1. Given the conditions (1) surrounded by fewer than 13 Cβ atoms within 10 Å (Cβ to Cβ); (2) touching a strand residue (DSSP E or B) at 6+ places or on another chain (Cβ under 6 Å), which single one is not true for residue 48?
2. Are any residues in segment 61-84 in contact (Cβ under 8 Å) with a residue 24 or more places away in the chain and more than 25 Å from the chain's Cα centre (by Cα), and if so, which ones?
3. For residue 199, work out the one condition from (1) in contact with a strand residue (DSSP E or B) (Cβ under 9 Å, 6 or more places away or on another chain); (2) in contact (Cβ under 8 Å) with a residue 40 or more places away in the chain; (3) within 30 Å of residue 137 (Cβ to Cβ) it doesn't fulfil.
4. Within the bounds of segment 85-94, is there any residue that is in contact with a helix residue (DSSP H, G or I) (Cβ under 7 Å, 6 or more places away or on another chain) and without any contact (Cβ under 8 Å) to a residue 60 or more places away in the chain?
5. Out of the residues in segment 217-238 that are without any contact (Cβ under 8 Å) to a residue 24 or more places away in the chain and touching a strand residue (DSSP E or B) at 6+ places or on another chain (Cβ under 6 Å), which is surrounded by the fewest Cβ atoms within 10 Å (Cβ to Cβ)?
6. For segment 127-183, give me each residue that is in a strand (DSSP E or B) and surrounded by 14 or more Cβ atoms within 10 Å (Cβ to Cβ).
């Protein structure tokens, strides 16, 4: 199905294209005609035969539907490309089976792990379907509560400087930064005192910055900076410039609705997992028993499989988290 995607913090908001159900039916019909051949029901479902094994239209359809932005006129060409890849894959599978690689303990373990993950995801998706959609008022409230993300949205030109330093050197570096008229002047001062540092520059829109860092960055004016200490030194984030590009409530509505809905789905799964843990008999063994015994009361490992596209929960504003900031800014 062709879908339109927008994003709020890595959260994919999907809106079915008009007449989406009709397109799905047309897609299936095209695939049956293009790949099936023959007149019988069995023949119509077979796209190709690789030695004694068959590749079906259902396999092609499954792969095709997982590819975004496929237009109806592109279905025929895309389905043929997918078929060729599936043929190559089938040949590789057959060769691996001849070599008995499918019986290798490592392969068996990977298959079992993938199976468990798929089943757990199915449970999360099933439970998530019971979540209620956010109301118009809730969507409006979220929009109003996040001006940096919407009404006051900006595109940020950020420069990050990572400096190797000891804690007792932090104040001296801060003084150098505050006393410098420009960033190059600050960097020259670092060089003069033999501080090692690396810098990077990036342009990021508000939604590309983790929510728990956005408010702090949004408070900066052009030319201002944030400085945070970490075990290996200091990180200075300098706002070289910014440009306002606000998003209206109408523009943001679909993304907000999907974000809030996915948040509710994640909460439902987490609540259900907690209930099951409370009622299950869980016994840790060996070194894991020792670790469990020493863990603070009431703490448990994070085990709930979160619904898809809910990878950026709402966070409270506060000091900038360097690790999260690095992820949001694409810094490795």
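Computed from the coordinates by the stated procedures, all read-outs in this text should not be read as laboratory data. Just so we're clear, the structure is a prediction, and the values are computed from it rather than from any experiment. Methodologically, a virtual Cβ is constructed for each residue, glycine included, from the backbone with ideal geometry; neighbour enumeration extends over all protein chains shown.
1. Of the numbered conditions (1) surrounded by fewer than 13 Cβ atoms within 10 Å (Cβ to Cβ); (2) touching a strand residue (DSSP E or B) at 6+ places or on another chain (Cβ under 6 Å), the odd one out for residue 48 is (1).
2. 72, 75, 76, 79, 80, 83
3. With respect to (1) in contact with a strand residue (DSSP E or B) (Cβ under 9 Å, 6 or more places away or on another chain); (2) in contact (Cβ under 8 Å) with a residue 40 or more places away in the chain; (3) within 30 Å of residue 137 (Cβ to Cβ), residue 199 is out only on (3).
4. yes
5. Only one residue tops the list, namely 224.
6. 154, 155, 156, 157, 158, 159, 160, 161, 162, 163
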